[in-house]
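Q: Here you go, one structure.
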Amino acid sequence: MSKNSTVTAEATIGLAYRESDFYASGFGIYPIGKLQFRHYYNFQRRADLGKRIAENSGNYIAPTVGLQSGTAVIGDLDYTSDFFGVAGAVYGLQRVGKKGLSFRFEVGPAYFFDEFDDDFGLFLAIKLGWVVRKRN
């Protein structure tokens, strides 16, 4: 691993809502796990331009694997499959502001699968959050 690479493991939740005249309507909150090996490739260019690189604020490429439960931990919208998986490669950008506001965008080709079906498609993720840390 280099100084411009990180291994990222995260646990998060996903929300789904369905309104339908033909199927049962409902909502669900699902656990999701994701693992990535990120290579940040533009730290030096950002630093040379006087832009922030602290807390890995930069652009990256990353192989990505993820797994989501098909059973809601909260709500009544359960899927037929017990799980959903994804494996792919993404281009991403991550920015963390001085006050802790965090933004991440990822997109790339991926292989999606569950216990009944599989297909290729486009992986897209957007995350807005807050980095909790001690302020000086």
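The numbers here are math on the coordinates, done by the rules we state, and not lab data. What you see is a predicted model; the values in this text were computed from it and never measured. Note that each Cβ is placed from the backbone with ideal geometry, even for glycine, and that neighbours are counted across all protein chains shown.
Q: Of the cross-linked pairs 3/99; 34/98; 98/127; 3/98; 34/127, which ones have a Cα-Cα span greater than 19 Å in the structure shown?
A: Pairs exceeding 19 Å: 3/99; 34/98; 3/98.
Q: Which FRET efficiency value, to the nearest 0.05, is calculated for residue 104 and residue 4 with the Förster distance at 25 angstrom and r the Cβ-Cβ distance?
A: Working: r = 17 Å, r/R0 = 0.68.
Rounded to the nearest 0.05, the efficiency is 0.90.
Q: Continuing with the same structure: Given just the C-alpha atoms of the chain, how large is their convex hull per residue in cubic angstrom?
A: 141 Å³
Q: Please compute the length gained on full extension between residue 132 and residue 39, using 0.36 nm multiplied by the number of residues separating them and subtracting their Cα-Cα distance.
A: 31.1 nm
Q: Then there is this: Label-point separation (nm) for residue 56 and residue 91, each offset 7 Å from Cα along Cα-to-Cβ?
A: Roughly 2.0 nm, to one decimal.
Q: Continuing with the same structure: Any idea how far apart residue 47 and residue 12 come out in nm if each label point goes 7 Å out from Cα toward Cβ?
A: About 2.8 nm, to one decimal.
Q: Here's another thing I want to ask about it. When the dipole is taken about the Cα centre of segment 1-102, and only Lys, Arg (+1) and Asp, Glu (-1) are charged at their Cβ, what size is it in debye, to the nearest 20? Walk me through the intermediate numbers first.
A: Values: 11 positive and 8 negative charges, 208 e Å.
That gives segment 1-102 a dipole magnitude of about 1000 debye.
Q: Separate question: With every atom except the alpha carbons ignored, what do you get for Rg and Dmax of segment 50-90, in angstroms?
A: Final numbers for Rg and Dmax: 16.8, 50 Å.
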